[in-house]
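Some notes on the structure that comes next.
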């Protein structure tokens, strides 16, 4: 996809607002609001840089509303039984508009968690590699891809990213 | 170490002393007498497709390298330079070309492990014998498409080691292609993970979000302890019901499915197959879907694709658990498909299996939580033993046993105890 090099502060601010809203849907445990930030045909995928160096990357991929709702339902249900507070910190945002009217955005994400018996701690970090689109209700994810830095992951990854 | 552990129970009865989950001494014995003496799954033959392709693993805390030679042979070596011991590669897998070269002093080895290069070797004098400094080999055998290694095997033949499991395993591990890999670390003893893959008693409770879709899953099936130390679980369930699953998910989570949206993640594997009975089915009602989990002593689990699905899917996964301490373990999982599958099919199968398995898997997360909770509890004084006594008929179970029985775990502990008490 060809892109226009265009990074006005207004666009970045708009995308940063979107990410802040997105983080709150996860940290405030509002799974329906999380789903609403995707297009009905949106894609949510999580993988690592080099987890499968000979055969391609292992992406956890949810395609479309049914899969997104299932992911949100499972994660929210899991967290009900494993009460974990999360803090998603999203930084280093860059965004540019593409020729076909989408917004290509990138950011860093760091997730801290606090569960029942531990102090707050770093959990995992990585990058967002996203495609956004404008709708009457604001920005929505056409694709939200999360690429984690770790190749060996923490045991409890029942979280949204 | 030359002392046998003095268990407070006979583990083979299924009444298991909780010290095996918390004792540093027993962990040391497990490494010395089980992990160093048994055959350990390393990788598939298609991870080593070309000369120089290698795969690394840790066996009883020792670094091991498996590599394909120019002659097509797959060999295993200690992954340590014969000069000063530096590991030759710390990558998980890759291609080494024609030479294994140490980064420290550039000693070089060919793909057969022979020492071929020593910079400034005249300094070692005229009597220096390169032949004495090759890489130390590790026993290596294949079982169809699977590669196993052993440091000091008590059972010399891999086929003998697999015992009753060999015939059962063979059809599943021919013509498989690795398509995805994932690793994670959890806070629990390694056996808690492996036990769980010999256990279908927990499934309808631990995995209730998904098992609401699969009511009756554990109503029929069987449980078999396959000597020596292995096991097979098999269960059957009716075709899936996505609307029922959607209602259950909404109750479970609060996520709104009232707009008619159907969940399509894991269930898509079965629910979205072509309509009608599977190919070759003669008539009547389509058969139930049958699923198996195979466990190979001491730490390999295999879940092949469900039989009799509308798609007849072959894709499945191979999984090992490795102790990192008494209360910490690493899980490595490899998803495979049929070698004949095209790229689109492989991707679809990977996504389906990744949905439930691995560090994010909707089933694996539940199991990780269960292991972590057990580890916290067994170190207290709440009880001295864990119970694996379900299934009261004598023997090792089989087709007459309930899938929720625990013949599978008792067979594990019978052999586990034998190894730990073997002071030879």
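The values are calculated or read from the model by the stated rules, or taken from the named source; none is laboratory data. Here the structure is a predicted model, which is why all the values come from computation and not from measurement. Note: ideal-geometry Cβ built from the backbone for every residue, glycine included; neighbour counts use all protein chains shown.
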Quick one: which of B:252, B:237 is within 14 Å of another protein chain (Cβ to nearest Cβ) and either modelled with pLDDT of 65 or more or surrounded by fewer than 16 Cβ atoms within 10 Å (Cβ to Cβ) (or both)?
B:252
Mind counting the residues in the stretch B:300-347 that are over 22 Å from residue B:174 (Cβ atoms) and modelled with pLDDT under 90?
3
Within the stretch A:7-25, identify whether any single residue is in a loop (DSSP other than H, G, I, E, B), surrounded by fewer than 16 Cβ atoms within 10 Å (Cβ to Cβ) and either touching a strand residue (DSSP E or B) at 6+ places or on another chain (Cβ under 6 Å) or at pLDDT 95 or above (or both), and answer yes or no.
yes
Looking at A:150, A:107 in this structure, which one is modelled with pLDDT of 95 or more and either surrounded by 16 or more Cβ atoms within 10 Å (Cβ to Cβ) or in a strand (DSSP E or B) (or both)?
A:107
Residue check: is residue B:224 at pLDDT 90 or above and outside any strand (DSSP E or B)?
no
Quick one: which of A:64, A:155 is within 24 Å of residue A:15 (Cβ to Cβ) and either touching a strand residue (DSSP E or B) at 6+ places or on another chain (Cβ under 6 Å) or more than 14 Å from every other protein chain (Cβ to nearest Cβ) (or both)?
A:64
Subset of the stretch A:26-53, residues surrounded by fewer than 15 Cβ atoms within 10 Å (Cβ to Cβ), modelled with pLDDT of 85 or more and assigned to a loop (DSSP other than H, G, I, E, B), comes to A:28
Residue B:79 being assigned by TED's automatic domain parsing to the domain that holds residue B:114 and within 24 Å of residue B:328 (Cα to Cα)
yes
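Among the residues of the stretch B:369-381, write down those that are facing chain A (nearest Cβ under 10 Å) and out of contact with any helix residue (DSSP H, G or I) (no Cβ under 9 Å at 6 or more places or on another chain).
B:373, B:376
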Evaluation of residue A:72 against (1) at pLDDT 95 or above; (2) within 27 Å of residue B:260 (Cβ to Cβ) (one fails), failing number:
(1)
What pairs come out if I take residues in the stretch A:1-28 that are within 29 Å of residue A:72 (Cα to Cα) and pair them with residues that are modelled with pLDDT under 95 whose C-beta lies under 6 Å away, six or more apart or interchain?
A:26/A:160; A:27/A:86
Does the stretch A:125-139 contain at least one residue that is facing chain B (nearest Cβ under 10 Å), in a strand (DSSP E or B) and out of contact with any helix residue (DSSP H, G or I) (no Cβ under 8 Å at 6 or more places or on another chain)?
no
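Quick check on the stretch B:321-363: of everything there that is part of a helix (DSSP H, G or I) and in contact with a helix residue (DSSP H, G or I) (Cβ under 9 Å, 6 or more places away or on another chain), which residue is farthest from the other protein chains (Cβ to nearest Cβ)?
For the stretch B:321-363, the residue satisfying everything is B:349.
What are the residues in the stretch B:6-42 that are out of contact with any helix residue (DSSP H, G or I) (no Cβ under 8 Å at 6 or more places or on another chain), assigned to a helix (DSSP H, G or I) and closer than 19 Å to residue B:297 by Cα, if any?
Scanning the stretch B:6-42 gives B:27, B:28, B:31, B:32, B:35.
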The stretch B:91-205: strands (runs of 3 or more DSSP E) wholly inside it with 2 or more residues that are in contact (Cβ under 8 Å) with a residue 60 or more places away in the chain and either buried (at least 20 other Cβ atoms within 10 Å of the Cβ) or within 14 Å of chain A (Cβ to nearest Cβ) (or both) are B:137-143, B:146-150, B:176-186
What's the number of the only condition in (1) in contact (Cβ under 8 Å) with a residue 12 or more places away in the chain; (2) facing another protein chain (nearest Cβ under 10 Å); (3) more than 23 Å from residue A:153 (Cα to Cα) that residue B:366 fails to meet?
(3)
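Taking the residues in the stretch A:75-91 that are more than 14 Å from residue A:26 (Cβ to Cβ) and facing chain B (nearest Cβ under 7 Å) as candidates, determine which candidate is modelled with the highest pLDDT.
That would be A:77.
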